[in-house]
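Read through the structure below, which is laid out as structure tokens, and then see the notes.
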Amino acid sequence: MKLHEHQARKLLSEFSIPVPRGIVASSVDEAISAFHELGGPVVVKAQVLSGGRGKAGGVVLANNEAAVESAAKNILRLEIGGYSVKRLLITDACEISKEIYLSALIDRNAGAIAVMASSKGGMDIEEVALQSPELIMRRHVDYATGLPQFMARELGFELGLDWDQVKEFQSIASNLVELLKQVDASLVEINPLIVDGEGHCRAIDAKIDLDDNAMGRHPELENLRNPEEYTREEIEARNAGISYIKLDGNIGCMVNGAGLAMALLDVIKGEGGEPANFLDVGGGADSVQVRTAMNIILSDPTVRVILINIFGGITRCDEVANGVIEALGSISKDVDLVVRLVGTNEDEGLSLLKTAGISAHSSMVEAVKQAVELAS
Ligand code: GDP
Ligand code: MN
């Protein structure tokens with residue numbers, strides 16, 4: 001789950017990392033009043049879930065009302081990284097004497113947190129990473145202990161900071177690692193971390209990616225979720241408690257249980273077919289969830305066959321059958337349906353399907369073979 005800069009900045013401040021003041025605006029008028037409220041030169045910044053805003057013209061310095069007006073107008077018309085700009089951040093402009101790159105991320109291979117820093121921070125950090133990776137320092141940090149003081153100071157001196165700045169940097173870097181741990185982020189990045197006109201370190205851009213699988217531990221962060229990160233189907237699925245991932249093929253799959261769903265994808269591939277999605281309605285799905293799942297699959301225009309593979313344990317086959325029949329009743333689309341239905345209340349489920357004119361397989365492989373044939 002990706003956060004906007006203004007959301008990420010707020011988390012940085014909560015972890016005592018100095019960040020310039022900022023106000024979110026969704027119109028030119030709001031941008032102008034934010035400028036007056038801040039009362040000095042500002043930067044008008046596009047808030048999109050994408051980097052490279054500076055290069056795309058989405059970050060503009062403005063010293064007066066007219067400049068703010070024209071910057072806001074222009075930026076609200078931009079599309080950056082596939083996102084149209086809907087909101088702006090109006091923030092105090094800083095004098096910059098140095099731009100540093102600083103980030104912390106979960107390094108799965110190392111089983112540790114990786115902290116990265118470079119004195120070549122700013123908009124060209126991707127090129128630096130490609131062309132001269134040696135200019136980016138990398139340290140592994142034990143998850144339990146966090147960033148040791150000596151390591152932070154060493155990085156600070158390597159960055160060319162003076163003693164007072166090293167102390168500020170050390171506090172920022174260790175708080176950044178603490179933030180990563182506390183919110184279960186997979187990445188926290190400050191680029192640039194600047195040395196300002198008075199020689200102080202401050203974060204003027206921030207990027208945070210939260211680990212979706214840890215969101216259950218952070219109900220307080222759920223309201224930071226941004227709908228534009230997801231397709232309509234993904235949102236619908238999440239709200240219904242369904243795991244849904246879009247794939248490239250034409251066989252739409254509905255399965256109960258992630259393991260069975262994975263097995264089904266393997267068998268489809270093994271039989272020469274291509275799955276259109278991974279979809280797990282979950283254990284104990286009721287007819288409403290099944291209907292929602294069916295609608296999500298049916299809204300995918302590439303789907304030619306729907307393959308339902310249910311092994312009812314907690315899930316009851318009659319609930320599944322009802323959901324399927326309800327969903328089919330409301331569509332007029334030309335798709336074939338292949339069902340494999342076994343387990344709890346199987347007889348009830350099969351007779352419901354039969355009444356509706358749908359036959360079912362008891363073997364997964366047989367069902368897949370038929371689906372592949374119909375799809376090709
Ligand atoms: P990004 O391009 O999406 O990473 O957006 P940033 O927020 O990092 O801004 C891009 C660049 O704009 C920075 O690297 C700075 O060079 C410049 N910039 C941003 N804020 C300020 C500011 O307050 N003062 C000055 N002088 N430049 C700024
Ligand atoms: Mn940046």
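The values are calculated or read from the model by the stated rules, or taken from the named source; none is laboratory data. This structure is a prediction, so every number in the text was calculated from the model and none was measured. Cβ: placed from backbone, ideal geometry, glycine included. Neighbour counts: every protein chain shown. These accessible areas exclude ligands, DNA and RNA; they are computed on the full protein's heavy atoms, side chains included. Shrake-Rupley method; radii C 1.70, N 1.55, O 1.52, S 1.80 Å.
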Item checked: Cα→Cβ-extended label distance, 7 Å offset, between Ser362 and Glu220, nm -> 5.5
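Give the shape of region 127-167 as rounded, prolate or oblate, defined through the alpha-carbon gyration tensor: a ≥ b ≥ c are the square roots of its eigenvalues, a/c under 1.5 means rounded, and otherwise the shape is prolate if a/b is larger than b/c and oblate if not.
In terms of gyration-tensor shape, oblate.
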Margin query: Starting from 0.36 nm per residue, how many nanometres of slack lie between Met151 and Asp196 once their C-alpha separation is accounted for?
Written below: 13.9 nm
Check: So what J values fall out for region 240-253 if you push phi through Karplus, 6.51 cos²θ - 1.76 cosθ + 1.60 with θ = phi - 60°, rounded to Hz, Gly and Pro as x?
Finding: 8, x, 9, 8, 9, 10, 6, 10, 8, x, 10, 9, x, 10
Notebook entry, point to check: Given a Förster distance of 56 angstrom, what is the FRET efficiency for Glu271 paired with Ser16, based on the Cβ-Cβ distance and rounded to 0.05?
Noted result: 0.45
Notebook entry, point to check: Taking a point 7 angstrom from the Cα of Leu187 along the C-beta vector, which residues in region 1-45 have backbone N less than 12 Å away?
Noted result: 1-3
Checklist line | Unit charges on C-beta of K, R, D, E only; dipole of the chain, Debye | finding: 160
Item checked: Check: region 230-375 dipole with +1 on Lys, Arg Cβ and -1 on Asp, Glu Cβ, in debye -> 140
Item checked: Shape of region 265-351, Cα gyration tensor, a/c cut at 1.5 -> oblate
Check: Where is the GNM fluctuation largest for the chain (alpha-carbon springs, 10 angstrom cutoff): Leu159, Leu147, Leu337?
Finding: Leu337
Item checked: Segment Ser351-Ser97, extension gain: residue separation times 0.36 nm, minus the distance between their alpha carbons -> 83.9 nm
Next item on the list: Report the one residue of Gln7, Leu105, Ile17 whose Cα lies farthest in the direction of the positive end of the charge dipole of region 5-150 (charges on C-beta: Lys and Arg +1, Asp and Glu -1; origin at the Cα centre).
Entry: Leu105
Margin query: Test of understanding: in a Gaussian network model of the chain with alpha carbons linked when under 10 Å, which of Val188, Val85, Val303 would top the mean-square fluctuation ranking?
Written below: Val303
Checklist line | Whole-Hz couplings from phi, Karplus 6.51/-1.76/1.60, listed for region 106-123; x for Gly and Pro | finding: 7, 9, 4, 5, 7, x, 7, 8, 9, 10, 10, 8, 8, 7, 9, x, x, 5
Check: Tell me, what is the per residue accessible area of the chain in Å², probe radius 1.4 Å?
Finding: 47
Next item on the list: Name the lysines eligible as straight-distance cross-link partners of Lys73: C-alpha to C-alpha under 29 Å, and not fewer than 8 places from it in the same chain.
Entry: Lys2, Lys10, Lys45, Lys55, Lys86, Lys207
Next item on the list: Work out how much length Asn239 to Asp336 would gain on full extension: take 0.36 nm times their residue separation and subtract the Cα-Cα distance, in nm to one decimal.
Entry: 32.2 nm
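Expressed as a whole percentage, what fraction of the accessible surface of the chain belongs to carbon and sulfur atoms when a 1.4 Å probe is rolled over the protein heavy atoms? Numbers along the way, then the final one.
On the way: 8710 of 17630 Å².
Whole-percent figure for carbon plus sulfur exposure: 49.
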Next item on the list: Just check region 230-375 against the gyration tensor rule for me: Cα atoms, a ≥ b ≥ c as the square roots of the eigenvalues, rounded for a/c under 1.5, and otherwise prolate or oblate depending on whether a/b exceeds b/c.
Entry: rounded
Next item on the list: For region 230-375, give the share of DSSP beta bridges that are antiparallel, in percent and rounded to the nearest 5; count only bridges with both residues there.
Entry: 20
